[in-house]
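The values are calculated or read from the model by the stated rules, or taken from the named source; none is laboratory data. As the structure is a computational prediction, the values presented were derived from the model and not from experiment. When we count neighbours, we look across all protein chains shown, and the Cβ atoms used for this are built from the backbone with ideal geometry, even at glycine. In case anyone asks, the SASA skips ligands and DNA or RNA and just uses the protein heavy atoms, side chains included. Shrake-Rupley method; radii C 1.70, N 1.55, O 1.52, S 1.80 Å.
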Amino acid sequence: MRSVSRCVTLGMFSLTLAVGVDAASIDRWSASTEREFLLGTFEGTAIDRDGRIELAPQTTHLWGPESGIVWDIVPGRKGSVFVALSGPGQVLFIDADGAATAWYQADDESLITALAPDGKGGVYAGISPQGRILHLRAPGETTVVAETGTTFVWALKTGPGGTLWAGTGVPGQIQRYRKDGGPETLFETGDDPVRSLVVGTDGVVIAGTGGRGRVIRLERGSPFVLFDASEAEIVALAREADGTVWALAAGGVKQPSSRPPATQGPVTRVRVTAEAPPRNGNSDNDSEGDKKPESERPAASFRASGGGALYRISRTAIDTVWTTSDAIPFDMTLDGDGTILIATGDKGQVWRVDPSGKAARMIPIASNQASAITSNAAGQIFVAGTSDARVERFERDRRQHGRYLSLPIEAGTQARWGRVSWDADVPEGSSISAAVRVGNTTEPDETWSAWVDLADDGQIDSSALPASRLIQVRLKLADGESAGPRVSSLQVSYEPRNRAPEIESLTVEPPGVVIVPVPAQSTARLGPLVADDPVTRSATSGAPRGRARSPVRRGWEAGARTFSWAADDPDDDRLTYRLDIRAEGDLYWFPLAAGLTGTYYSWDARSTPDGKYRVRLTASDQTDNPSGDALTRAEISPLFVVDNSRPALTEWSVERSGAGREVAFTAVDPGGSVAAVEVAMDAGDWLPLFPEDGVADSDVERYRLILPTEGQSELPASMRVRITDAAGNLGGALKQVDAD
Amino acid sequence: MQLEGPVAEHIGIANGMSGSPVYLGDELIGALSIRMGALPKDAIAGVTPIEAMRAASRSAAVPAPSSGDAQPIRTPVSATGLHPELREWAREQLESSGFVWTDAATTAGGTQDEEAANVLEPGSPIGIALVRGDWSFAATGTVTAIEDGRVLAFGHPFLGTGDVQFPMHTATIIHALADAAGSRMLARIGSEVGAIVDDRLVAVVGRMERKAEMIPMVVRVHPAGESSARETRLEVVDTPGLTPLLVGLSVSNSILNHVDREIAVTVRASGSIRLADHPDVPFELAAAGDGLVDPLISVSSAVQQTLGMLWNNPFDRPRVEGIDVDVDLVTELHRYFVETVHYDRQAVRPGDSVRVQVALRPWRGETVHEQFEVRVPHGVADGKELRLAVGPPSQIERALGNPLARRLQTAGDLPGVLRIMGELRSDHRLVAVLFHEAPSVVRDGTLYAQLPPTAVHLLSRGTRTGAAFRSRVSRLASTQLEMDGPISGGLTIRVKVDTAAPSKAVEEHQP
């Protein structure tokens, strides 16, 4: 056997690799566990006990699909089976070639809920809810064996001497019908229906109940509870020659009981299988509104919402051999090699569980519910499905060919698809080949590309794959001489096409505002824990990088101009920024700063001529993309003013006004606008002064004030004037005001 | 087409004109059938081509369109002998179906001149009898043409139900009533001359000399204190759109024949629908009220609702051979409300009978006490808590998750529908049901109770009718008794199962 690790390289991408693509931009999808593989589609393939994809057993479609429920299936002679079908109730005989004959057909909505071969080519059938047992010897040759006095006949078994055993409910009873005697009720379980039965050659009867999940042994008429499961229902039982009992339990909340179980052995958990992902939605048909009566409100107790377990009950211990949280166990049968085959819903899955607890998912049947399973003396396995009703025969041989389709792999954006690789055991003569198809819809449909086989050397014509954001991989498995291939992992690598950065805002801060970084904390000075190289960047690629922010502090500094911005990259690429500036009316942008990694820039504008300007911010993701693929996004700021000129005082005048003085002056700021004027008399405090038009907002503002003498001991001798412009520049003057 | 002349200017397009022949020269080109707008000022009408009417048997069996600017001219209907208490309700029901109610008499007969003119010919009125007997009910239109014994009329559907059997009568226009809200022809029905056999998109088609089969109906009213019943015989047409309503009106109208005005009444009725090729379908109802209008409208509605299940079933239309109704009539008000429910011990043992005492508050007077026994089945688990619901069937049905309604909803064939109809009970019964939390499923018209979880799962899928309903409870036992009037309200109490409980009552248990 060869153990191979194969990869197939798509041509276009290998070319990219040749020119040194930054490894950090490559994403990978992989599947290597049962749970991950189950997201794909199995066509003639299955999952083995070690979670690998393998060729599924050969199956032969015998009968169906028809509408209805298959409650039970039992073997007949010569590879035939009897099927209990309901909706309407029928007992079908299906021969080895799949030809079906109705041996019994109900004329109402009766359910055929249980079957048992009579050992002579006929079959017993339980009719519900009439609680009737029929003996079908041939088509149309029907006799009533018993009216059980109950509603449902859930289980029928024949025992030594042709004795017929019935499990009923409700009321739950174990009934015996001997050829030489009348009906006997050997044990009653009350409102706990007897859902399953197994009868040993030693006359020991094991019963499983359908409400409280109990396994009861009935030996010489004495009942004994062997096991009280945490599940509500024991759907199937099997007993080995050494007395070991296998009990298959289905979930749900158990019926309440005030009495403790008679006995319960120690429970050990042997193995818990991987859980499949939660299903989307619920196919329940309940029509549940807000104001339903109590009888209609959701109740976990009657929702077989998934979950169950297989228990092994021996004389010394009770082992949990297998559990499931999503499948609904319906039935089981012992295979000749010591394994147990379990039929489940809602995905029509059949499991093969070995005594150690290793479980393999065999090929699912086409029906949603694998509702019954049986095997015959020849070792043939028959699985029956419900909605649609069908019967499939599982053969001993593997299929010659099978396929596995990955789920549609989403790159998130248009991608260049790279490598398809897998790890597999490929025995001599067997083979695995791959193909891909691509598309842009979540589910593959007719808009997807055709399948493109990947050549042995992995190279394909790149033009065969159109631009797309989803890819699906198909593996073809071909059987070998002695064994088939087994795939333990599947990978696809791809490079999502780069997307441009996005600038969310660009702010021109008020004149004089500066933003400075705050010194890093001591712990940060230790340096990065991982090196900043392509490998570690790839490993940490999930961390958001575009929005990384260092702590900053805002301050004020004369002549400073500051721009701040918020930007992001949809691919989480690291961004660098460039700032260019242009005077209003100019044609050309002049570089102001480049290679910025922060999201602000403070600039000393005192050397810049006064005027109106705009800056252009350009964000680039070139750090994380090859030069040809890097993308930029630019944003232009609102107009702002650079004003380095000091405001000045002109047209000063002092005139006598009665006993006082009237002072008038003009404040001018050629490059900007006057923002405030304050005056102080002699050594007094600064007082604000308002212009004649009431608002200081233009480059020329006229001021006038009266210095009264009334109430003053004397006029002030001087007045200081301080003018502030919008850019924060100061100007002013000291003037005499007492002179005539 | 615009109508001209003094009559047209006076009444415009009148309801009842449908079918009026339209000629081009001497050539018949069609029938007046469509009116334009809601309240048109001009007498503008649409015409159904005569070729289409001649091929009516091949056209669709659909009702007249009910929206749009151009709509079929509406069909006047009128009743004779219908008590005033029922007229307004009947009018609302019929006008919501697109008919125009007129208060003209419908019965046959009239003056000698009228009788002499009582023949069908192009342009003459035509009557369709829908109820005959104790009261009568008919619709009128206009004959477009008579060709080889085939009468073409209306130019649009009457009910649009395809193959029909309606008695075809002559009719006489008494008056053309001009009305801004819709002019209409007031007509009197004459003698039966044949049968309407086709009711289709472009015409109704009658056959002269043919006899329509109607449903014979007998209503026997048993007034309290009288030894003999008062019998009323009627004939009702068999058609899904109208029969349930007309039978309901007939029952109520028959009751009204035997009571005085403005008194309280209590009605309990049981009936049977006799079907060809199927078992009879029983039905029952109860109503009571202070006054006549409300209880008798309740009777009509109940009959209409029950019979509607049969006539509107999606599977088949059985031939109805007759309808018999027996009515127990009391001119007093008997109505009850379930006030309290007691049972005779704190806990019960499986197999024991629970004695249930029910206090019923009547409309007036002293509280009535009733009691009955419900047996707890063997096998119910020790410690289990059961529920006991007491009330009329409608309340019990709700407490159990509406199993009958859901069985009806999921029934897969007509026998299933008939079987479920036969199980419907009226609210004069006081029912006690013992139930417990155990899942049940209704599918394909059948209730499956006390199921294991996997059986619930399977039964919820793969249905023939595409629907399955689940309930968290299952019925264990039930019993009932009859009261002399309808019951409302209902109570549910808890019943504890204890195998060690004493077998006799120890004290009363309050709900």
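Numerical summary
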| item | result |
| --- | --- |
| Cross-link reach list, aspartates and glutamates versus residue B:384, counting only Cα pairs under 12 Å and skipping chain neighbours closer than eight places | A:191, A:192, B:437, B:498 |
| Out-of-range pairs (alpha-carbon distance over 29 Å; input A:254/A:347; A:254/B:496; A:157/B:496; A:254/A:358; A:157/A:254; A:78/A:157) | A:157/B:496 |
| Cα-centred dipole magnitude for the protein assembly as shown, charges only on beta-carbon of K, R (+1) and D, E (-1), debye, nearest 20 | 4140 |
| Carbon/sulfur fraction of accessible area - the protein assembly as shown, other protein chains in place, 1.4 Å, % | 48 |
| Cα coordinate range in segment A:635-732, projected on the principal axes (Å, largest first) | 62, 24, 18 |
| At least 40 Å² of accessible area lost relative to the chain alone, listed for segment A:139-153 with a 1.4 Å probe | A:152 |
| Rg and Dmax [Cα atoms of segment A:118-242; Å; Rg one decimal, Dmax integer] | 13.8, 43 |
| Cα shape, segment B:356-451, gyration tensor, a/c 1.5 rule | oblate |
| Chain B, relative contact order in percent, only Cα pairs under 8 angstrom and at least six apart counted | 12 |
| Ellipticity estimate at 222 nm from DSSP helix runs (n ≥ 4, -39,500 (n - 2.57)) divided over the protein assembly as shown, nearest 500 | -2500 deg cm²/dmol |
| Cut-off under 5 Å, modelled amide H: who pairs with residue B:476 long-range | B:434, B:435, B:436 |
| With eigenvalues of the C-alpha gyration tensor scaled by 5 and rooted, segment B:339-409, Å | 24, 22, 9 |
| Sparsely packed GluC sites (Glu not before Pro) within segment B:119-210, loop by DSSP, other Cβ within 10 Å at most 11 | B:209 |
| Accessible area (Å², per residue) of segment A:598-655, counting only protein heavy atoms and a probe of 1.4 Å | 51 |
| Eligible aspartates and glutamates near residue A:179 by straight Cα distance, threshold 14 Å, same-chain separation 8 or greater | A:118 |
| Reciprocal of mean inverse Cα separation for segment B:372-511 (Kirkwood radius, Å) | 16.4 |
| Computed log₁₀ I(q)/I(0) - Debye formula, equal Cα scatterers, no solvent, the protein assembly as shown, q 0.09 Å⁻¹ | -1.12 |
| Options B:96, B:363, A:324, ranked by Cα towards positive dipole end of the protein assembly as shown, top entry (Cβ charges) | A:324 |
| Virtual spin-label span in nm between residue B:385 and residue B:213, 7 Å along Cα→Cβ | 5.8 |
| Segment A:93-187: chymotrypsin sites (Phe, Trp or Tyr not before Pro) in DSSP loop, at most 11 other beta carbons within 10 Å | none |
| Calculated P(r) tail over 34 Å for chain B, as whole % of Cα pairs | 49 |
| Shape category assigned to segment B:240-359 from the gyration tensor of Cα positions, a/c cut at 1.5 | oblate |
| Estimated dipole of segment A:109-262 in Debye, rounded to 20 [Cβ of Lys and Arg +1, of Asp and Glu -1, Cα centre] | 120 |
| Label point 7 Å beyond Cα of residue A:453 along Cβ direction - residues of segment A:367-407 with amide nitrogen under 19 Å | A:400-406 |
| Placed amide H near residue A:358: partners under 5 Å, 5+ positions off or other chain | none |
| For segment B:240-297, radius of gyration divided by Kirkwood radius, i.e. Rg to Rh on alpha-carbons | 1.05 |
| Probe 1.4 Å, protein heavy atoms only - accessible area per residue of segment B:399-445 in square angstrom | 26 |
| Space enclosed by the convex hull of the alpha-carbon atoms of segment A:321-453, per residue, Å³ | 174 |
| Surrounding net charge for residue B:127, when Lys and Arg each add one and Asp and Glu each subtract one, Cβ distance under 12 Å | +1 |
| Accessible area buried, both sides summed, chains B and A with 1.4 Å probe, Å² | 4000 |
